[in-house]
Amino acid sequence: METETIFGQIVGKANHYQAVPGKGGTRRIIKDAAIRAYERSFLRQCTKYRGRRISSRFKLFARVWHGSERFDLDNSIKTLLDCLQMAEAITDDRLCYQIEAEKHIDRCSPRVEFALLEVNEQKRLFG
């Protein structure tokens, strides 16, 4: 299993969407500049898994080093899965069947370290 590291503070999806005017007086939801910048940075740095197009069930292993305590681990994982799909590392984040994640604090060097493991059959996790 190969590990990849992406440097920079991962941006949680839930906090970085904004409502803007749409057609006919409706509102639409778009990503803000912070999440778009993180996605571009992720795509530049993702080299080991880029283009693998994993299309079977997989497990995600992630260690997230945030710059402070205020960031949520669950929102970070959602962003990570979206970025992996954008980088064509995975074909669909719905194929993720298990996540093992840790949150750490590193004020000087926030980053995400991750690995993907394809699984051929879904194992029973609970009795």
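The values are calculated or read from the model by the stated rules, or taken from the named source; none is laboratory data. Every value quoted in this text rests on a predicted model; they were computed, and no experiment measured them. All Cβ positions, even for glycine, are placed from backbone atoms using ideal geometry, and neighbour counts span all protein chains on display.
Points worth noting:
- Picking from residues in segment 82-99 that are out of contact with any Cys (no Cβ under 9 Å at 6 or more places or on another chain) and part of a strand (DSSP E or B), the one that is surrounded by the most Cβ atoms within 10 Å (Cβ to Cβ) is Cys96.
- Within segment 82-106, being touching a residue at least 12 places away in the same chain (Cβ under 8 Å) and farther than 17 Å from Thr5 by Cβ holds for Asp82, Met86, Glu88, Ile90, Thr91, Asp92, Asp93, Leu95, Cys96, Tyr97, Gln98, Ile99.
- Among the candidates Phe61, Phe71, the residue that is surrounded by 16 or more Cβ atoms within 10 Å (Cβ to Cβ) and assigned to a loop (DSSP other than H, G, I, E, B) is uniquely Phe71.
- When His104 is tested against (1) at pLDDT 95 or above; (2) touching a strand residue (DSSP E or B) at 6+ places or on another chain (Cβ under 9 Å); (3) surrounded by 15 or more Cβ atoms within 10 Å (Cβ to Cβ); (4) not hydroxyl-bearing (Ser, Thr, Tyr), only condition (3) is not met.
- Scan segment 14-30 for residues that are at pLDDT below 70 and in a strand (DSSP E or B) and the total you get is 7.
- Extreme residue, modelled with the lowest pLDDT, among residues of segment 31-49 that are in a loop (DSSP other than H, G, I, E, B) and surrounded by 12 or more Cβ atoms within 10 Å (Cβ to Cβ): Asp32
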